[in-house]
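Report on one structure; see the data block that follows.
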Amino acid sequence: MSTIDPTTLSALNGGGSGSQLKQSASDELRSSFLTLLITQLQNQDPLNPMENAEMTSQIAQINTVSGIEELNTTLQSITSQMDANQALQASGLIGQGVMVPGNKVMLEQDSEGKPYTTPFGIELAKSADQLTAVIVGQGGEVIRRYNLGAVEAGVQSFQWDGKNEQGEAAASGRYTVQLEAKDTEGELLDAKPLNYALVQGVTPGKGGSDVRLDLGAIFGQVSIDQVKQIL
């Protein structure tokens, strides 16, 4: 009795290391299978005819091939729609400020010398009893160190006033922030720093998938799942 090799069904479904069969190859497979089945029926032994169960099994395998193809087509259509929706949603972030993984803080001064800084943040799996932030200059010097107190688990954002330890406005430029979170017992917690960036554009990946956000020359591109907070 002829059967469809399981590896062929796996290939049709995109499984294993092989790629999904093309429509022409699949049509040829079905045509060959039907030809073989008809030949079997025409030349079967009258004293030992093919069992109904055998015929039903072979026909079921043909239907399985067709069903898998239709399912793959449907899934591809759904995936394309989801990718298009993701790109459309991402485009709504253009011009918005987001918090993404990073430890940069930007400082600018207005015409009167008043400092303005970008926010920084933290992502915590557990609540911290004490969070300490250290602002560091490009040369590695400590500009400011201060305690932010207790912080709940999740994503939290903060603002540096742009002043150094002496209470004077720091120079314009790029700084980094180092975060140290401790629990009630004084144990260090896993603290993931976040920095602010402005979404300047959206770049869809191949076929519309893997949409990436363009955050400019300093921050580069990130995927949507890296956005931890929208400000």
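Throughout, read-outs are computed from the coordinates displayed, never taken from laboratory work. Values in this document were obtained by computation on a predicted structure and should not be read as measured data. Heads up, the Cβs are rebuilt from the backbone with ideal geometry, glycines too, and the neighbour counts pull from every protein chain shown.
General remarks:
- Length released on extending from E152 to Q89, taking residue separation times 0.36 nm less the Cα-Cα span: 19.8 nm
- Computed FRET value (nearest 0.05) for E165 with Q226, which takes r as the C-beta separation and R₀ as 30 Å: 0.35
- For the set K104/K182; K163/K192; K126/K192; K192/K228; K104/K163, the pairs lying more than 19 angstrom apart at their alpha carbons are K104/K182; K163/K192.
- Nearest-0.05 FRET efficiency for A125 and Q96, computed from C-beta distance (R0 22 Å): 0.25
- Taken one residue at a time, the phi angles of segment 211-216 give Karplus couplings (6.51, -1.76, 1.60, θ = phi - 60°) of 5, 10, 9, 8, 9, x Hz. Gly and Pro are set to x.
- Virtual spin-label span in nm between E108 and T184, 7 Å along Cα→Cβ: 4.4
- Per-residue Cβ neighbour counts within 10 Å put T203, T118 in the sequence T203, T118, beginning with the fewest.
- Enclosed volume per residue, in Å³, of the convex hull spanned by Cα atoms of segment 97-230: 120
- Sorting 136-149, 215-228 by their mean Cβ neighbour count within 10 Å, with the most densely packed peptide first, gives 215-228, 136-149.
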